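**Q** Structure in structure tokens, see below.
The values are calculated or read from the model by the stated rules, or taken from the named source; none is laboratory data. Since we're looking at a predicted model, the values are computed, not measured. Quick reminder, even Gly has a Cβ in these numbers, built from the backbone with ideal geometry, and neighbours come from all protein chains shown. Only protein heavy atoms, including side chains, enter the accessible area calculation; ligands, DNA and RNA are left aside. Shrake-Rupley method; radii C 1.70, N 1.55, O 1.52, S 1.80 Å.
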Amino acid sequence: MAETLGQLLPVYVLADESYSMASQVNDLNAGMKSLHMALLGEPMAAAKVRFSVLGFSNTVTEHLILADLRGESELPRLSAGGGTSYEAAFSALLQRVPNDVRSLKSQGYRVHRPAVFFLSDGQPNPNENWTEVHRRLTDRNVTSAAPNVIAFGIGDAEAETILNVATQSEFAFISLPGSQLGDSIAKFFTALTKSVVESGNAMASGQAELVVEKPEGFRLAIDEV
């Protein structure tokens, strides 16, 4: 039997790049930079993670795929424009996640269930059947590599929608009323960073692979429904 190279946790940031996020692009990019710097300071945790960044509007842009952040000089810059197609977002993941897991396994890694950190500031495009694509993505009887989805809603996002995006109710967060978008984005990236670092460290010590840090400035979406 071939020797296992080690354990990896694929992490996907699925970020809303629709037009409504245009005034917050600088906040998104500042959050990406802070995430990168924090993980460079946690090399043991970073070694256990392969990181992907996908932005969605009416289509999906794959900014970064399965990167070892220790080898990246900087993370990609996000932009904004267009609508908010949840269907496109989850269709892209349905195509990519199983292929990514197979690729990592073929390289000799033991791969833990992927984690998707979803951020949106509004409602999905009308007249799209995003829930069916999402169901196929997250149903472990349909997609063997079905990811855990941790969903964060800010701005005009509705709690019920965010709750439907998350794969567990404790993984669905909505920003507190009156929160500034820039502040909510910063707190999203803080929670994401802590979750990735703690998950990586847990894996390094042989414990559970996914730790989700409850963000400041958010409450559980289920409490709003």
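**Q** What do you get for the angle between helix 25-40 and the principal long axis of the chain? Use alpha-carbon atoms, 0 to 90 degrees, nearest ten.
**A** So the helix axis and the longest Cα principal axis differ by about 20 degrees.
**Q** Quick one: among 170, 74, 198, which has the greatest mean-square fluctuation in a GNM of the chain with alpha-carbon springs under 10 angstrom?
**A** 74
**Q** On to the next question. What residue among 31, 153, 81 shows peak mean-square fluctuation when the chain is described by a Gaussian network model with Cα springs under 10 Å?
**A** 81
**Q** Tally Lys and Arg at +1 and Asp and Glu at -1 over the other residues with C-beta under 12 Å from the C-beta of residue 116: what net charge comes out?
**A** With Lys, Arg at +1 and Asp, Glu at -1, the neighbours total +1.
**Q** Restricting to bridges with both residues inside the range 1-153, how much of the DSSP beta-bridge set is antiparallel, in percent to the nearest 5?
**A** In the range 1-153, approximately 20 percent of DSSP beta bridges are antiparallel ones.
**Q** At 1.4 Å probe size, with every protein chain present, just tell me what the per residue accessible area of the range 1-42 comes to in Å².
**A** 48 Å²
**Q** Let me ask something else about it. With all protein chains present, how much of the accessible area of the chain (probe radius 1.4 Å) comes from carbon and sulfur, to the nearest whole percent?
**A** Answer for the chain is 45 percent, counting heavy atoms of protein chains only.
**Q** Order 179, 52, most accessible first, counting only protein heavy atoms with a 1.4 angstrom probe.
**A** 179, 52
**Q** Let me check against my output: what whole-number percent is the relative contact order of the range 83-218, with C-alpha pairs under 8 Å and at least 6 apart?
**A** 20 percent
**Q** So what is the 222 nm mean residue ellipticity for the chain from helices alone, if each DSSP H run of at least 4 adds -39500 (n - 2.57) and you divide by all residues, rounding to the nearest 500 deg cm²/dmol?
**A** That calculation yields -11500 deg cm²/dmol at 222 nm.
**Q** What distance in nm separates the simple spin-label points at residue 110 and residue 132, each placed 7 Å from Cα in the Cβ direction?
**A** It works out to 3.9 nm between the two label points.
**Q** With only alpha-carbon atoms counted, please give the Rg and Dmax of the chain, in Å.
**A** For the chain, the Cα radius of gyration and maximum Cα-Cα distance read 16.4, 57 Å.
**Q** Okay, moving on. Give a residue-ordered list of calculated ³J(HN,Hα) values for the range 112-119 (Karplus: 6.51 cos²θ - 1.76 cosθ + 1.60, θ = phi - 60°; whole Hz; x for Gly, Pro).
**A** 3J(HN,Hα) across the range 112-119, in whole Hz: 7, 4, x, 10, 10, 9, 9, 10.
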